[in-house]
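Below is one structure; the comments refer to it alone.
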Amino acid sequence: MMNKFIFENKTKVYFGKNVVKEHLGGPLSNYGETVMLAYGGGSIKCNGVYDEVVSILNAAGKRFVEFSGIMSNPTYAKVQEGAKLARENHVDLILAVGGGSVSDCCKVISAQANLDEDIWEMQYTKHTLPAKFIPLSTIVTVFGTGSEMNNGAVITNEEKKIKGALWGAQAEFAFLDPAYSLSVPMQQVISGAFDTLGHAMETYFGKPDENNLSDDINEAVMRSVIRNIRILLTDPENYDARGELARASAMAENGVLKIGKVTGFQAHQIEHQLGTYTNCNHGAGLAVIHPVLYRHIYKSGAARFTRWAQNVWGIAPKGSDEETAAAGIDALAAFIKEIGLPTSFAELGIPADTDFRAITDSANVTAGCCKKLIRDKICEIL
């Protein structure tokens, strides 16, 4: 039976070509004079996005302060740096331009700037959540995380050597122009899209196991991601495929697929700590972990894995559910190889002498989709 739920998503989404130029000026009028323009390593200054956004801010009469250098695995120190800048400049709106890392960092900046206490300790020690935020907007240039439509963030606390979730602001409005992703390296596009697939799979394998509408929608999202990644590999500039991946990214993390579901996201929890110790690419790390994890647990949820194998990968029924489920996992592993993502830590560039025990011992262990793992089993997976 589907679990009880309350659903709301407040983010207004502007989707399509030129939506920033056509619509950003409108909602800007609802906020005060000072905007924090946040972005990553500076690629938006090379692809025209920065100039376009600055022109719109100037036309709207906004004073803007820049916060740049947000890294692909945003650190807690970077959050504190941004919060200090926001407080000192009395920022009225944060405009996050980039991928999920920029968005995640800014969500927590939005909350920390309004707090007198440390937000990490607040959430992990006191188990309380912030209630006041600087309004946030996002312009997405790299798709995959779906960060633009929720209030969750993944931040690396270097001092504690933990990459964990923090809850901050949710964007008031978000701009998704698939054309912005044309300047992103293809490997980054593919790894981002695989992150979307990872979100969908981890949600799908949550409870309940019985067929439900959320999972029916999820199967369509997974098939769409697989299909459109394949299109981009043969036609890299295909706007429609990029648009479908952008929409799938948002759908996988806007809460719709999670309606009535209880999820564990164990693959993500393992990868987060792997990223803490190695700074590996998130989507690529998931590509290595997912098939191995699923081979360890599928027998405890054979019926669910069988449905996934048949409805997502098109696997014909085998002699038993376990055989069909295993064939689905084989199809996932073959797809990862097909799209050029790593299939081992060696391919990912992670040294064999990495302290996998430390990664295991610091990873968050969840109830899991169908089987709760013990730490020794996680270490075996790694």
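In the chain, the DSSP-assigned H stretches of four residues or longer account for a calculated mean residue ellipticity at 222 nm of -15000 deg cm²/dmol, using -39500 (n - 2.57) per stretch and the full residue count as denominator. Packing, taken as the mean count of other beta carbons within 10 Å per residue, orders the peptides 272-280, 6-14 from highest to lowest as 272-280, 6-14.
Which pairs, out of K21/K161; K10/K372; K163/K318; K261/K299; K161/K372; K84/K258, put more than 29 Å between their alpha-carbon atoms?
K21/K161; K10/K372; K163/K318; K84/K258
For R295 and M186, FRET efficiency with R0 = 30 Å and r from the beta-carbon atoms, rounded to 0.05? Intermediate results must be reported in sequence, preceding the final value.
Working: r = 29 Å, r/R0 = 0.95.
The value I calculate is 0.60.
Which is farthest toward the positive dipole end of the chain among C280, A60, A200, measuring Cα position about the Cα centre, with Cβ charges +1 (Lys, Arg) and -1 (Asp, Glu)? The one lying farthest along the dipole's positive direction is A200. Against the chain, whose longest principal axis comes from its Cα atoms, helix 213-234 is set at around 80 degrees. Taking other C-beta atoms within 10 angstrom as a stand-in for reagent exposure, H296, H268, H90, H127 fall in the order H127, H90, H296, H268, fewest first. Computed from point charges on the beta carbon alone (+1 for Lys and Arg, -1 for Asp and Glu), the dipole magnitude for the stretch 295-378 about its Cα centre is near 380 Debye.
Each residue of the stretch 370-382 was assigned a 3J(HN,Hα) from its phi angle through the Karplus curve 6.51 cos²θ - 1.76 cosθ + 1.60 (θ = phi - 60°); the sequence is 9, 7, 7, 8, 8, 4, 4, 5, 4, 5, 5, 4, 6 Hz, with glycine and proline shown as x. The value of relative contact order for the chain, using C-alpha pairs under 8 Å at least six residues apart, is 16 percent.
What ranking do D321, D51 get, fewest neighbouring Cβ atoms within 10 angstrom at the top? Could you put the intermediate results ahead of the total?
Working: D321 19, D51 11.
By the 10 Å Cβ count, ascending, the order reads D51, D321.
Note: relative contact order over the stretch 184-317, using C-alpha pairs below 8 Å and six or more positions apart, is 34 percent. With neighbour counts taken as other beta-carbon atoms within 10 Å, the residues S68, S344, S249 rank, fewest first, as S344, S68, S249. What is the distance in Å between the Cα centroid of the stretch 187-264 and that of the stretch 143-177? One Cα centre to the other: 18 Å. Expressed as an acute angle from 0 to 90° and rounded to the nearest 10, what is the orientation of the C-alpha long axis of helix 49-59 relative to the principal long axis of the chain? The helix 49-59 is inclined about 40 degrees to the chain. For the stretch 75-207, the alpha carbon convex hull comes to 131 Å³ per residue, rounded to a whole number. Each of F7, M71, S29 was placed along the dipole of the stretch 1-151 (beta-carbon charges, centred on the mean Cα), and the one lying farthest toward the positive end is F7. Of A248, T141, S43, which is farthest towards the positive pole of the chain's charge dipole, taken about the Cα centre with +1 and -1 on the beta-carbons of Lys, Arg and Asp, Glu respectively? Result: A248. Where is the GNM fluctuation largest for the chain (alpha-carbon springs, 10 angstrom cutoff): S72, S320, S224? Taking springs between Cα atoms under 10 Å, the residue moving most is S320.
Please identify, among G264, G152, G25, the residue showing maximal mean-square fluctuation in a Gaussian network model of the chain using a 10 angstrom Cα cutoff. Sorting by GNM fluctuation, first place goes to G25. Round to the nearest 10 and give me the degree value, 0 to 90, for the angle of helix 266-278's Cα axis relative to the longest principal axis of the chain. Computed tilt is about 60 degrees.
Working from label points 7 Å from Cα in the Cα-to-Cβ sense, the T343 to A367 distance is 3.5 nm.
Placing dummy labels 7 Å off each Cα toward the beta-carbon, the span from I259 to Y124 is 3.5 nm.
Rounded, prolate or oblate: which fits the stretch 241-382, taking a ≥ b ≥ c as square roots of the Cα gyration tensor eigenvalues, rounded meaning a/c under 1.5, else prolate when a/b beats b/c? Kindly include the intermediate steps, with their values, before the conclusion.
Details: a/c = 1.42, a/b = 1.27, b/c = 1.12.
Rounded.
Of the residues V54, V225, V154, the one that moves most in a GNM of the chain with alpha-carbon contacts below 10 Å is V54.
How would the stretch 1-126 be classified by its alpha-carbon gyration tensor: rounded, prolate or oblate, with rounded meaning a/c under 1.5 and the a/b versus b/c comparison settling the rest? Show your work: numbers first, answer last.
Working: a/c = 1.64, a/b = 1.24, b/c = 1.32.
Since a/c reaches 1.5 but b/c is at least a/b, the shape of the stretch 1-126 is classed as oblate.
Charging the Cβ of each Asp and Glu at -1 and of each Lys and Arg at +1, and nothing else, the dipole of the chain about its Cα centre rounds to 500 debye.
Values in this text are rule-based calculations from the coordinates and carry no lab data. Note that the coordinates shown come from a computational prediction; the quantities given were computed from them, not determined experimentally. As a convention, Cβ positions derive from the backbone with ideal geometry for all residues, glycine included, and neighbour counts pool all protein chains shown.
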